[in-house]
Amino acid sequence: MNQKHSAAHSGTDAKAPKETSQMALNQRVISFYNKRIWIIGASSGIGEACAQAFLSHGAKVALSARRIDKLKAIQDKWPADQTLCLPANAQSNDELSTAYQSIKQTWGGIDLLLYVSGIYEPMRADNFDLAKATDIINTNIIGAMSACSITLPDFIQQQSGGIAIVSSVAGYSGLPQSLAYGPSKAAMINFCETLYYDLKPKNVAVYMINPGFVSTEATAKNDFEMPALITTEQAATEILDGIQAGEFDIHFPKRFSYFLKFLRLLPYPIYFFLIKKFIKI
């Protein structure tokens with residue numbers, strides 16, 4: 001049995017919310033201690049790293065994904081009353097609903113939904129596969145919508161809490177190998193922006209999270225050089241810092257994400273030239 005971690009038992013985190021130059025569009029979060037957080041896609045990659053980070057801050061974390069062995073491995077490292085292990089397929093509204101009802105029965109509800117579940121399959125025009133593309137769309141955007149449809153009534157009723165959705169800088173504009181993944185992430189960005197309009201008056205926070213290249217099982221499939229590649233732990237730090245700072249647009253690493261934001265403003269001939277130059281394919 002792994003030695004279990006012991007989360008800090010003070011009412012505040014050791015680290016205060018980071019200073020941010022952008023105007024905070026959400027209320028700042030002073031502490032994650034005792035916050036009830038549901039992570040969908042918690043078994044590996046960014047989701048697992050976020051789970052470990054939230055738990056280290058004293059949060060209660062409900063872990064959902066398809067791979068129960070991976071979830072159990074995370075759960076075994078922490079006190080029994082700090083985690084829930086709730087296997088669920090992000091494409092199944094019924095399984096997500098069942099998981100959420102279990103959280104409500106145990107903890108009474110949640111303070112934060114973090115949707116990280118996603119599928120990435122390198123795809124270009126000469127190997128376009130509609131079945132795989134449909135699978136990507138169903139997990140990445142339909143799954144996020146499903147999770148929101150389940151939790152939104154309670155968030156709106158309690159007029160507190162937040163929804164964090166992990167999209168990608170691939171949703172900013174067309175990138176190599178992202179013929180299905182990119183459009184799914186673009187839809188997620190649009191969904192977050194529209195969700196923010198609706199939930200801001202209800203005092204419910206929305207966090208749109210757009211990572212660049214992160215070293216995960218998914219990006220290991222890429223056969224090209226990935227600029228500004230970071231670890232899952234670095235990604236989790238960016239996410240938690242952004243949420244604490246009240247940011248809506250949490251994007252990283254800045255040296256890469258700001259570059260892609262800039263590219264969106266350029267005429268297409270220049271855009272395509274620079275993409276080909278800086279992302280070797």
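Put simply, the C-alpha atoms of the range 88-157 give a gyration tensor, and the ellipsoid matching it has half-axes of 30, 11, 9 Å, longest first.
Distance distribution P(r), the range 29-160, all Cα-Cα pairs, bin width 10 angstrom from 0: 13, 43, 31, 10, 3, 0 percent. For the range 36-278, the Cβ-based charge dipole about the Cα centre amounts to some 340 debye (Lys, Arg positive; Asp, Glu negative; other atoms uncharged). The Cβ shell under 10 Å around Asp135 holds other residues with a net charge of -1, Lys and Arg each +1, Asp and Glu each -1.
In deg cm²/dmol and to the nearest 500, what is the mean residue ellipticity at 222 nm of the chain if only DSSP H runs of at least 4 residues count, each as -39500 (n - 2.57), divided by the residue total? Result for the chain: -12500 deg cm²/dmol, rounded to the nearest 500.
Here the alpha carbons of the range 170-218 define both size measures, Rg and Dmax, at 13.1, 39 Å.
Under a Gaussian network description of the chain, with springs only between Cα atoms under 10 Å, the residue in Ser117, Ser160, Ser64 that fluctuates furthest is Ser160.
Comparing Asn127, Asn89, Asn190 in a Gaussian network model of the chain (Cα springs below 10 Å), the most mobile by mean-square fluctuation is Asn127. Summary value for the chain: 20 percent relative contact order, contacts being C-alpha pairs under 8 angstrom separated by 6+ residues.
Rounded, prolate or oblate, given the Cα gyration tensor of the range 230-281, with a/c below 1.5 counting as rounded? It comes out oblate by the Cα gyration axes. Of the Cα atoms belonging to the chain, the radius of gyration and Dmax stand at 18.4, 58 Å.
Read-outs throughout are calculated quantities, based only on the coordinates presented, and are distinct from any laboratory measurement. Since this is a predicted model, take the numbers as computed values, not measurements. Positions of Cβ are generated from backbone atoms using ideal geometry, with glycine treated the same way; all protein chains shown enter the neighbour counts.
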